[in-house]
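Structure first, commentary second.
The values are calculated or read from the model by the stated rules, or taken from the named source; none is laboratory data. Being a predicted model, the structure only gives us computed values, none of them experimental. So basically every Cβ, Gly included, is an ideal-geometry build from the backbone, and we count neighbours across all protein chains shown. For accessibility, only protein heavy atoms count, side chains too; no ligands or nucleic acids. Shrake-Rupley method; radii C 1.70, N 1.55, O 1.52, S 1.80 Å.
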Protein chains: 2
Amino acid sequence: MDRDLLDLPVLLLNAAGALVDAIDAGVRARGFADLRPAHGFAFARLSHDGATVGQLAEHLGMTKQAASQLVEELVTKGYVERRPHPADARARLIVLTRQGWACTRAADEAAIEVLRPWADALGPQRLAALRADLSRIATPGRLRRTW
Amino acid sequence: MDRDLLDLPVLLLNAAGALVDAIDAGVRARGFADLRPAHGFAFARLSHDGATVGQLAEHLGMTKQAASQLVEELVTKGYVERRPHPADARARLIVLTRQGWACTRAADEAAIEVLRPWADALGPQRLAALRADLSRIATPGRLRRTW
DNA sequence: CCCAAGTAGTCAAGCTGCTTGACTAAATAG
DNA sequence: CTATTTAGTCAAGCAGCTTGACTACTTGGG
């Protein structure tokens, strides 16, 4: 039983990795080859009303500097744009461009394509249980590069 | 429902990260402050009869060169040693030293300390279900740095 | 038995994505 | 209206990985 406990982290990491890789592959296959998984997680945060660089950094579990240059990269590639922040002239509101939204939709499609068969095999109540169980371990909101 | 599907990867990654971080903290607290999570995953592989650099690379999802220098680091710090391989003079068998075993035990303790309360809260049959469900997504044996 | 091809491991160089440190401009507190 | 804090960027550095090239040993086919 303890053996079972001990390889749970490995199992979890492995599952997460497999999922992320599969979705990333799906996104690339849809024509967005210049993006990495981290960008997708950024898009997920930006897709609700945008976000500041600081909020993005918080969400991605990295420094503001790192988030800033990630944004710079996305601006250059045309996926997001910096707008003046309506309530704070120091800050800038990062929002998705048309291309950013297109990519977000593609990512959603890819994710569903990967997750659907597996969710169907599991069944709804088992899926709900899994979500609930995972939520217990997860630190809300903070995402990080693992190991 | 699709919304639920879509944040499953985030949830998984988040949970995996939280677990890895917590165990890593436990290991450091036990006096092994010069190690990172990746080393722990290496130990897990080495603890069954040792392994070659190539096998380690495969297990950790990295190139042989990277695994080789990870081993070099662990040799320097006294956690593993290189032995001649019994069946192949090109290869070397990497095995844990006494200190390596001590760290492995400490890691197991830390992992159980972290996982136990959460496993208890879940209950045995729910835990078994979680393991089974995760196993479906996971690519067997291959571990990778996620995103 | 021997040679050609394949495999285990290491050395060296380079690069990517992150960090820490220092700074400017704007907001906020007292 | 100054003193402190906060948002963001610029610059430099670095850890952990990659690709490429090489040596030592093994394996398979004639």
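The table for this structure:
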read-out: Helix B:8-29 vs. chain B, principal-axis angle (Cα, 0 to 90°, nearest 10); value: 50
read-out: Whole-percent carbon and sulfur share, accessible surface of the range B:17-147, 1.4 Å; value: 52
read-out: Distances in nm from A:Thr63 to the matching label points in the other copies, shortest first (labels 7 Å along Cα to Cβ); value: 2.6
read-out: Shape of the range A:1-81, Cα gyration tensor, a/c cut at 1.5; value: oblate
read-out: Peptide B:43-50, shielding by other chains (average Cβ, 10 Å cutoff); value: 1
read-out: Chain A: angle of helix A:37-46 to the longest principal axis, Cα-based, in degrees nearest 10; value: 70
read-out: Folded to 0 to 90 degrees: helix A:98-122 orientation relative to chain A principal axis, Cα; value: 10
read-out: Loss of accessible area when A meets B, both sides summed, Å² nearest 100, probe 1.4 Å; value: 5900
read-out: GNM result for chain B, Cα springs below 10 Å: residue of B:Ala128, B:Ala44, B:Ala33 fluctuating most strongly; value: B:Ala128
read-out: Partner chain coverage, peptide A:16-28 - average Cβ within 10 angstrom; value: 5
read-out: Solvent exposure of the range A:2-137 as accessible area per residue, Å², 1.4 Å probe; value: 49
read-out: Under Karplus coefficients 6.51, -1.76 and 1.60, residue-wise ³J(HN,Hα) of the range A:47-61 in Hz, glycine/proline x; value: 6, 9, 6, x, 6, 7, 4, x, 5, 5, 4, 4, 5, 8, x
read-out: Within a Gaussian network of chain B (alpha carbon springs, distance under 10 Å), most fluctuating of B:Gly61, B:Gly26, B:Gly17; value: B:Gly17
read-out: Span from the the range B:55-117 Cα centroid across to the the range A:16-76 one, whole angstrom; value: 33
